[in-house]
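All remarks here apply to the structure that follows.
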Amino acid sequence: MDGTIFIGGGGEGYSEKQGLLLKYANRHGLVAGATGTGKTVTLQIMAESFAAQGVPVFLSDVKGDLSGLAKAGSEGFKLHEAFTSRAEKIGFDDYTYGAFPVTFWDLYGDQGHPIRTTVSEMGPLLLSRLLELTDAQEGVLNIAFRVADEQGLGLLDLKDLQALLVWVGENAKDLSLRYGNVSTASIGAIQRALLVLENQGGHKLFGEPALELSDIMRTDTDGRGRISILASDKLMGAPRLYATFLLWLLSELFEELPEVGDPDKPKLVFFFDEAHLLFDDAPKALVDKVEQVARLIRSKGVGVYFVTQNPADVPEDILGQLGNRVQHALRAFTAKDRRALKQAAETYRDNPRFSTEDSIREVGVGEAVTSFLESKGAPGVVERTLIRPPSSQLGPIEPSERKALIDASPIAGKYETLQDRESAYEVLTKRAADAAQAAEEAERLEEEAESVAEREYRAGRRYSGSKVGRSTSRRKSSGGFGKAVTDVVLKELKGTTGKRIVRGILGSLFKGR
């Protein structure tokens with residue numbers, strides 16, 4: 001099937017060969033179905049097929065099973081006979097086992113290359129979503145980002161943001177006059193949210209070197225697209241972090257890639273597993289942003305495929321843009337389930353040979369109801385389909401095999417060493433140090449002047465009473481000057497003790513001082 005991603009077919013009662021046209025693959029898609037119905041294997045065979053056609057793929061490995069893409073299946077596998085039998089039944093005549101070029105990524109840096117962005121690139125909207133901030137707190141965060149831009153303060157990692165928030169708190173009065181209310185309560189809430197994120201390991205997402213998009217859009221020496229696999233089994237323990245990171249990556253692709261119109265095949269295919277996490281309790285502004293990205297990113301040559309249990313997990317405006325669909329079984333145990341099943345069936349173009357609703361309920365493991373875009377982008381008639389077997393290994397590879405692949409990766413060593421160039425933390429630390437040094441120098445000069453005056457007075461130098469009075473007055477006014485310097489420094493530093501407390505809570509803020 002030239003120019004087509006082969007998905008499956010079947011015998012009696014099933015469709016002929018079903019495939020996804022490459023030229024419409026950037027018009028997005030949906031892989032849905034209840035737990036245990038075969039979504040992961042469908043994702044695996046789609047990734048294989050795209051890679052074989054020279055299309056790079058990015059996907060998240062939520063269960064830890066998809067590392068098997070890097071290793072060929074074998075005849076000794078217990079399902080070998082079932083696989084070969086199904087391949088024969090659906091007309092998959094050139095079915096063979098084979099491995100695919102894979103790049104492993106891991107936000108935590110344990111099971112793949114570290115993958116990072118900077119706080120500035122994440123931006124206040126996504127960061128507010130990640131930290132679950134209120135509207136008022138999000139407003140303060142926007143002010144902090146604005147101040148960073150105006151003062152040229154680079155926000156690379158969390159300590160930069162923490163240092164900036166301390167500075168914003170110290171100058172809240174002045175900033176409130178210019179930008180609106182900056183409350184210490186909101187700043188404290190943001191700092192606490194950052195602490196929670198740090199405890200979850202989220203600080204490892206921020207820093208440099210940041211991810212270069214070209215590294216997830218590579219092809220191998222034989223022309224096959226590389227499959228980037230994000231280790232997400234541990235990341236799922238922080239679902240908001242998982243969803244926000246993938247949305248950031250999608251947004252970066254949208255903003256950075258050039259317009260290509262309708263290419264013969266996608267520049268990249270992006271699978272968003274556990275897609276419901278993206279939309280759970282999401283504010284309307286965020287859902288609108290996802291809708292905008294989904295609508296426009298196809299012109300950048302990127303196909304986005306949402307993988308979830310139920311089509312109802314995806315907002316209707318976004319669901320309407322997903323033209324290529326693989327629907328595994330849905331279970332209808334409750335009235336709510338039955339309504340969801342009926343709603344799912346109504347989104348397909350009817351096939352007079354069978355009931356779509358009944359088929360979605362009845363298909364077994366490894367079977368699905370499918371519909372793909374046809375000529376001129378029109379939705380195809382719904383069909384019952386036996387999903388083709390995978391060519392790569394079903395299930396994970398050994399940790400030693402994963403490590404060997406990471407070490408041999410074309411980007412090995414590029415992201416492993418964390419860089420820490422001068423940014424907001426260093427600038428604000430130096431500013432605080434300079435202010436403290438200036439205060440100390442002013443105090444020292446004042447003390448020297450008072451000491452000289454005292455010695456002259458005691459030595460009986462010619463000081464008239466009025467001169468002594470002037471000297472005393474001068475010392476008093478000098479004391480006032482010293483207080484003024486101290487006030488300036490306090491305005492800048494707002495209490496050393498307070499900083500030490502904050503530093504202890506937030507992790508070495510202004511460390512060394």
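Taking H placed 1.01 Å from N in the peptide plane, check which residues at least 5 places from residue 310 or on another chain put their amide H under 5 Å from its amide H. Those qualifying (amide H under 5 Å, at least 5 residues apart or on another chain) are 33. Modelled spin labels at residue 236 and residue 292, positioned 7 Å past Cα toward Cβ, are 3.2 nm from each other. Helix-derived [θ] at 222 nm for the chain: sum -39500 (n - 2.57) over DSSP H runs of at least 4, divide by residue count, nearest 500? Mean residue ellipticity at 222 nm (helix-derived): -14500 deg cm²/dmol. Amide H contacts under 5 Å for residue 233: 64, restricted to partners 5 or more places along the chain or on a different chain, H placed in the peptide plane at 1.01 Å from N. Pairs spanning more than 28 Å between alpha-carbon atoms, out of 265/403; 39/342; 39/336: 265/403.
Modelled spin-label separation between residue 110 and residue 262, with each label point placed 7 Å from Cα along the Cα-to-Cβ direction: 4.6 nm. For the range 189-238, the residue among 207, 191, 230 whose Cα projects farthest onto the positive side of the dipole built from Cβ charges is 191. The computed P(r) over Cα pairs in 20 Å bins from 0, in percent for the structure shown corresponds, within (1) 23, 58, 18, 0; (2) 20, 43, 22, 9, 5, 1, 0; (3) 19, 47, 30, 3, to (2).
Angle, helix 39-52 long axis vs. longest principal axis of the chain, Cα atoms, 0 to 90°, nearest 10? For 39-52 against the chain, the angle is about 90 degrees. Full extension of the chain segment joining residue 374 with residue 408 gains 8.2 nm, where the gain is 0.36 nm per residue of separation less the Cα-Cα distance. Against the main long axis of the alpha-carbon atoms of the chain, helix 158-170 sits at an angle near 40°. Rounded to the nearest 10 degrees, the angle from helix 80-89 to the longest Cα principal axis of the chain is 60 degrees. Taking every DSSP beta bridge that has both ends in the chain, the antiparallel portion is near 35%.
Magnitude of the charge dipole for the range 114-188, about its Cα centre and with charges confined to Cβ atoms of Lys, Arg (+1) and Asp, Glu (-1), is about 40 debye. Given +1 at the Cβ of Lys and Arg, -1 at the Cβ of Asp and Glu and no other charges, the dipole of the range 58-161 around its Cα centre is 200 debye to the nearest 20.
Pairs spanning more than 24 Å between alpha-carbon atoms, out of 159/300; 300/376; 71/204: 159/300; 71/204. From the alpha carbon centroid of the range 326-387 to that of the range 1-76 is 17 Å. Taking only the Cα atoms of the range 263-334, the radius of gyration and Dmax are 13.2, 44 Å. What the Cβ-Cβ distance of residue 200 and residue 354 gives, at R0 = 45 Å and to the nearest 0.05, is a FRET efficiency of 0.45.
If R0 equals 30 Å, the separation of the Cβ atoms of residue 449 and residue 174 corresponds to a calculated FRET efficiency of about 0.40. A Cβ-based charge dipole, computed about the Cα centre of the chain with Lys and Arg at +1 and Asp and Glu at -1, lands at about 2060 debye.
As a quick test, which of the pairs 173/430; 89/234; 17/234 have an alpha carbon distance above 29 angstrom in this structure? Listed pairs above 29 Å: 89/234; 17/234. In sequence order, the range 332-339 has phi-based couplings of 10, 8, 10, 4, 5, 4, 5, 5 Hz under the Karplus curve 6.51 cos²θ - 1.76 cosθ + 1.60, θ = phi - 60°, and Gly or Pro positions carry x. For the chain, the per residue solvent-accessible surface stands at 46 Å², with DNA, RNA and ligands left out and a 1.4 Å probe. The share of accessible area on the chain that comes from carbon and sulfur is 50 percent, using a 1.4 angstrom probe.
Computed over the range 201-332, the range of Cα coordinates on each principal axis works out to 47, 39, 30 Å, biggest value leading. Scanning residues 5 or more positions from residue 8 or on other chains, those with amide H under 5 Å from its amide H are 18, 388, with H placed 1.01 Å from N in the peptide plane.
Each of 263, 168, 117 was scored by the projection of its Cα onto the charge dipole of the chain, and the greatest displacement toward the positive side belongs to 168; charges sit on the C-beta of Lys, Arg, Asp and Glu.
The values are calculated or read from the model by the stated rules, or taken from the named source; none is laboratory data. No experiment lies behind these values; they were computed from the predicted model shown. Counting neighbours? That spans all protein chains shown, and the Cβs are built from the backbone with ideal geometry, glycine included. Just so you know, the surface numbers come from the protein's heavy atoms only, side chains and all, with ligands and any DNA or RNA stripped out. Shrake-Rupley method; radii C 1.70, N 1.55, O 1.52, S 1.80 Å.
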